[in-house]
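Trainee: Here it is, the structure in full.
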Amino acid sequence: MDDYRRLADRIADDIAAGRLRPGERLPPQRAFARRRGIAGSTAGRVYAELVRRGLVVGEVGRGTFVRAAPAGPGERALVEAATAAPVNLELNYPSAPGQSELLAPALAPLLRPDVLTEALSPAAATGTPEARQAAAALLATPGWRPAPDRVLFTGNARQAVAATLASLVRPGGRVGVEALTYPVVKEIAARLGITLVPLATDEEGPRPESVAAAHRTAPLAALYLQPTLHNPTSVTTSPERRRRLAAMAIDLNIPVVEDRIWSFLTDDDPLAAHAPGLTHVVDGLSKRVAPGLTVGFVVVPEERVEAVAAAVRSGGWSAGRFAVAAAVRWIGDGTVRRLVTAKRADAARRQRIAEEELRGFTVRSDPRAYYAWWELPAPWRADTFTAAAAAQGVAVTPGPAFAVDSNRTPDAVRLGLGSVSEVDLRWALRGLVGVVRGVGSGGR
């Protein structure tokens, strides 16, 4: 057996024996590697194996925590399900009823041996004319329709963000972002040597004057913004604020990376409608369709096509031809449109559940969104609540994972509403309310 699996077995034994308790934090991977006298890469494999077994949960920016132990005979589980695995409100990949049945027919023609040989190779960043036309039609809004020849393809939307930032910002460069931002962007910035600069926001989104102030301090190489159903707060930037942000970007000549991964739940126009010469629109199919077979899109200004395409190639972020071909079929036959309609209705139902179960608490969300931002009541802190929730079998994302300024971290958690059944969601939310009301040693 591989050494990393033997080490994982030992930790699993400690968890089973109660020597490591639910909610307890494991040491950082570097510290674990030093103590065990192993390579850092081996430590990473140990932790990944524990995650795979469902024994721990990794929280971006916070650490790795032991999950709740399975309920024993006669014990009432938080969620009545066929599996003892905890309810995961960290993940957020919505699935519509009958989704697999809708997706399968388009894949059948791609499985012919003569077609499959070509389909299993990487696709060019520019895709094919048919793929560009399909993607442009998919991403169009009432007030904006991208030119097909400006659409590029990546393996997923995260890779589209990474490639776009890599093409725009040199190591050491500064990128303005909302003060709370997508945790993966923090990881991408760290890998690329980019400094993220938090921008002040309000109930309408980023404040244009904060962009100007940050740029005066030291020039910003780009902005990364989520004006539509911002993750984690669900704020959607108003049309007037979008126009003002676009005008500020044009005045200061700052390129914009606009993340629209959740835009399929709304009908709003992007920032790109107001600043097409500076805005790079990122989107993908992981939320619209499914995470397992996905494609990322980035619509770029005309003169930026080759620079972003080169970044896609050099970063190894190309889409697979099979996925692109499947996407073209799903877009063309109406499958994506039907899934979007179903998921809009699904998100609304789940928001009603969250509103019912969390009534009386301070929760920021949007009736169209698939997540909620719960500002915890005193004396709870995000880290202690996250650990206490894990001990009850519910995984949530702590607020500090989204904070750009590590000195200003919110006592809040993000609740992903889309990856569990509605029954499990309701039970999980009730369990979390029970955790809050039974503060005990979990609070400050």
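The values are calculated or read from the model by the stated rules, or taken from the named source; none is laboratory data. None of these values were measured; they are calculated from a predicted model. Cβ atoms come from the backbone with ideal geometry, glycine included; neighbour counts cover every protein chain shown. These accessible areas exclude ligands, DNA and RNA; they are computed on the full protein's heavy atoms, side chains included. Shrake-Rupley method; radii C 1.70, N 1.55, O 1.52, S 1.80 Å.
Trainee: Work out, step by step, the length gained on full extension between residue 91 and residue 337: first 0.36 nm times the residue separation, then minus their alpha carbon distance; give nm to one decimal. Write down the numbers at each step before the final one.
Mentor: Numbers: separation 246, 0.36 × 246 = 88.56 nm, distance 2.31 nm.
Length difference between fully extended and current span is 86.2 nm.
Trainee: Using the alpha carbons of the chain, what is the convex hull volume per residue in cubic angstrom, as a whole number?
Mentor: Values: hull volume 73.2 nm³, N = 444.
Here the figure is 165 Å³ per residue.
Trainee: Another one. Calculate the all-directions average of the projected area of region 324-392's alpha-carbon convex hull, and give it in nm².
Mentor: Numbers: hull surface 27.7 nm².
About 6.9 nm², averaged over all directions.
Trainee: If each residue of separation counts as 0.36 nm, what is the full-extension length gain between residue 306 and residue 345 once their alpha-carbon separation is subtracted? Working shown, then result.
Mentor: Details: separation 39, 0.36 × 39 = 14.04 nm, distance 3.90 nm.
Here the segment from residue 306 to residue 345 would lengthen by 10.1 nm.
Trainee: Place a point 7 Å from Cα of residue 293 in the direction of its Cβ. Which residues in region 132-168 have their backbone N less than 11 Å from it?
Mentor: Those under the cut-off are none; the list is empty.
Trainee: Taking DSSP loops as anything outside H, G, I, E and B, show the longest stretch in the chain free of GluC sites (Glu not before Pro) there with at most 12 other beta carbons within 10 Å.
Mentor: Details: sites that count: 75, 80, 203.
Looking at the chain, 204-444 is the longest stretch - no exposed GluC sites (Glu not before Pro) with at most 12 other Cβ atoms within 10 Å.
Trainee: Across bins of 5 angstrom width beginning at 0, how are the C-alpha pair distances of region 101-237 distributed, in whole percent?
Mentor: Over region 101-237, the share of Cα pairs per 5 Å bin runs 2, 8, 14, 15, 17, 15, 12, 7, 5, 3, 2, 0 percent.
Trainee: So, one more: Distance from the Cα centre of region 226-248 to that of region 385-444, in angstrom?
Mentor: Centre-to-centre (Cα) distance: 26 Å.
Trainee: Another one. How large is the translational diffusion coefficient of region 287-444 in µm² per second when you combine the Kirkwood radius over alpha carbon pairs with Stokes-Einstein at 4 °C and 1.567 mPa s?
Mentor: Values: Rh = 18.5 Å.
Result for D is 70 µm²/s.
Trainee: Continuing with this model, one more query. Each label point is 7 Å from the Cα along the Cα-to-Cβ direction; what then is the distance between the points at residue 247 and residue 408, in nm?
Mentor: 2.5 nm
Trainee: How large is the helix-only mean residue ellipticity at 222 nm for the chain, computed as the sum of -39500 (n - 2.57) over DSSP H runs with n ≥ 4, divided by its residue count, in deg cm²/dmol to the nearest 500? Could the numbers behind the result be given before it?
Mentor: Numbers: 15 runs with 181 residues, N = 444.
Calculated mean residue ellipticity at 222 nm is -12500 deg cm²/dmol.
Trainee: Moving on to the next point. On average, how much accessible surface per residue is there in the chain, in Å², for a 1.4 Å probe, leaving out ligands, DNA and RNA? Kindly include the intermediate steps, with their values, before the conclusion.
Mentor: On the way: 19570 Å² over 444 residues.
Accessible area per residue: 44 Å².
Trainee: State log₁₀ I(q)/I(0) for region 236-367 at q = 0.09, 0.10, 0.21 Å⁻¹ as given by the Debye formula over alpha-carbon point scatterers of equal weight, solvent excluded.
Mentor: -0.37, -0.45, -1.25
Trainee: If r is the Cβ-Cβ distance from residue 9 to residue 356 and R0 is 45 Å, what FRET efficiency results, to the nearest 0.05? Don't skip to the answer; put the middle values down first.
Mentor: Numbers: r = 43 Å, r/R0 = 0.95.
The pair residue 9/residue 356 has a calculated efficiency of 0.60.
Trainee: For the Cα atoms of the chain, what angle does the longest principal axis make with the long axis of helix 321-332, in degrees from 0 to 90, nearest 10?
Mentor: The helix 321-332 is inclined about 80 degrees to the chain.
Trainee: So, with a 1.4 angstrom probe, what is the percent of accessible area on the chain that is carbon and sulfur?
Mentor: Taking all protein chains in place, the chain shows 51 percent carbon and sulfur surface.
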